[in-house]
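I have placed the structure first, in the form of structure tokens, so that the comments after it can refer back to it.
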Amino acid sequence: MSGRPATGLAAAATCALALLAGCRSAPVPVAVAPPPAAPAPVAEPAPDGGCARDLAAARATLAEREAALRAAEERQAELRARLLEQSAEARSRGEREAALQAQLDDAVLEVVRAKAKLRSLESRAEAASTMAEAEAALKALGPGGAGVASEQLDKAEALLRMSADEFEKENYGGALFLAGQAKGHLRAAEPRPGDVELLPGEVALAAPLELRVMTGANLRDGPGQEFRVLTALPRGTAVTAVSRKDRWVRVRDAHGTSGWVFEALLDLR
């Protein structure tokens, strides 16, 4: 009887040891959190066809404007270079003209001196007549007249003064020469067709036309018989036509007087 309980106790102890050994050897499972899932890719919106075309057009326009700007800058540089060249040429031309004018003035004085040696061979009456014609032409043009070249008038006046001085010295050859030079400047000072202020309906001629008066004609201050008569032009008077209106012609005579003559009274020289 005493042996059975010991046996049962031993069996229980063995069983407990076995259980304890099993608990030590078996691994205890540990819960591990799963890795986070990768984010889903975001779908990009499909490009709009209209926006792409607008962008391409804008880029093309920008390229064209840049090209045009470069061309304009090149053109501006070219024009600036030409302007500088023209300025240099104008300055050089002005210097040459001044030098030529000085030489011309010296030549005029030299001719006057030479004429002084030949005073006995020149006509006093011819010198006086030429001076009178030049003075009449100068008065006809008048100071500051419309279309009159003031520079030419100034030169003519200076030459006439020199002519009068030489005439007083009895240098009639010099006086005649200077008066002739003055008349040349006065002819250059006469108004040209483009210089005259045209009346309504008046048409300037392409070039001055040399005419003559066929019969006696009145030179009027306007294109019509109602206008005042300035002077009477004898038959054969030489005139220069510069413009016309209807059947009237604006003319100048040899003294620079300007007026209107009926076209039927004029003919080519």
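Within a 10 angstrom radius of the beta carbon, how do THR215, THR130 rank from fewest other beta carbons to most?
THR215, THR130
Order by neighbour count: HIS185, HIS255, fewest other Cβ atoms within 10 Å first, most last.
If I rank by nearby Cβ atoms, fewest first, I get HIS255, HIS185.
Send over the semi-axes of region 203-268's equivalent ellipsoid, whole angstrom and largest first, taken as the square roots of 5 times the C-alpha gyration tensor eigenvalues.
Semi-axes, largest first: 15, 14, 11 Å.
With +1 on each Lys and Arg Cβ and -1 on each Asp and Glu Cβ, how big is the dipole of region 203-268 about its Cα centre, in debye rounded to the nearest 20?
40 debye
Two decimals, Cα atoms only, Kirkwood Rh: what is Rg/Rh over region 147-268?
Rg/Rh for region 147-268 comes to 1.07.
Return the sequence-ordered ³J(HN,Hα) values of region 82-99 in whole Hz as given by the Karplus equation 6.51 cos²θ - 1.76 cosθ + 1.60 applied to θ = phi - 60°, using x for Gly and Pro.
Taking θ as phi minus 60°, the curve returns 5, 4, 5, 5, 5, 5, 5, 5, 5, 5, 5, 5, x, 5, 5, 5, 4, 5 Hz for region 82-99.
Amide H to amide H, which residues 5 or more places from ASN218 or on other chains are under 5 Å from it, using H placed in the peptide plane?
Close amide H contacts, sequence-distant or interchain: LEU233.
Calculate, in nm to one decimal, what ALA264 and GLN103 gain on full extension: separation in residues at 0.36 nm each, minus their alpha carbon distance.
53.1 nm
Laboratory data are not the source of any read-out in this text; all were calculated from the coordinates shown. The model shown is predicted, which means the values in this text are computed figures rather than measured ones. Heads up, the Cβs are rebuilt from the backbone with ideal geometry, glycines too, and the neighbour counts pull from every protein chain shown.
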